[in-house]
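This report refers to the structure that appears directly beneath it.
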Amino acid sequence: MLERRVKRRRDGRYALKLDADERELLRSLPDQLLELLDTNDPVLTRLYPPAYAGADDVALEAEYRRLMGSDLEDRHKAALVTLRDTIDAPFLTEEQMGAWLAAINELRLVLGTRLDVGEEDSGEVDPTDPRAPTLALYQYLSFLQDQLVEAATGAL
């Protein structure tokens, strides 16, 4: 059984048990996504899902984007900055934990979109696949997200 990477402590903080390689890997990701957020890359679509999906709702969707677009972007950026700024922390506060959950989810969504990962994917990484390193990163982020959620919810 793998050692838990994140544990809730009695004082309400979360202990991070990430090794140096994991921290180094995570260290590079927030800035990459922060740069990407300033573009119109279609891979960002999953971070900004439509509020109104019907053809008759074009005006409502435009109004929603006008009102909420910068707020959504600000929240994405704040979560990524918190991840970046606390990557070497041995403990996270409740607020920082929420930011980590959001940032890891954002990174997974963007990678999953870029890789076109779907429900039917087995999770097996073929080492000959040119996408293998990125798929392995996606799987690691999925694992870490699971660890964060389990610690936050008190699941065993």
Next item on the list: Round to the nearest 10 and give me the degree value, 0 to 90, for the angle of helix 20-37's Cα axis relative to the longest principal axis of the chain.
Entry: 10 degrees
Notebook entry, point to check: What is the calculated FRET efficiency for Glu94 to Ala20, with r their C-beta to C-beta distance and R₀ = 22 Å, to the nearest 0.05?
Noted result: 0.30
Note to self: For Cα pairs less than 8 Å apart in space and 6+ apart in sequence, what is the mean separation divided by the residue count of the chain, i.e. the relative contact order in percent?
What the structure shows: 30 percent
Margin query: Can you compute the charge dipole magnitude of the stretch 6-153 about its Cα centre, using +1 on each Lys and Arg Cβ and -1 on each Asp and Glu Cβ, nothing else charged? Give it in debye, rounded to the nearest 20.
Written below: 660 debye
Item checked: Mean Cβ neighbour count within 10 Å, used as a protection proxy, ranking 78-84, 7-13 highest first -> 78-84, 7-13
Checklist line | Fewest-first ranking of Lys77, Lys17, using other Cβ atoms within 10 Å as the exposure measure | finding: Lys17, Lys77
Check: Given 10 Å bins starting at zero, what is the percent of C-alpha pairs of the chain in each, up to the one with the largest pair distance?
Finding: 10, 35, 33, 18, 4, 0
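A short reminder: the numbers here are calculations on the coordinates, not readings from a lab. Here the structure is a predicted model, which is why all the values come from computation and not from measurement. Using ideal geometry, Cβ is built from the backbone for each residue, glycine included, and neighbour counts are taken over all protein chains shown.
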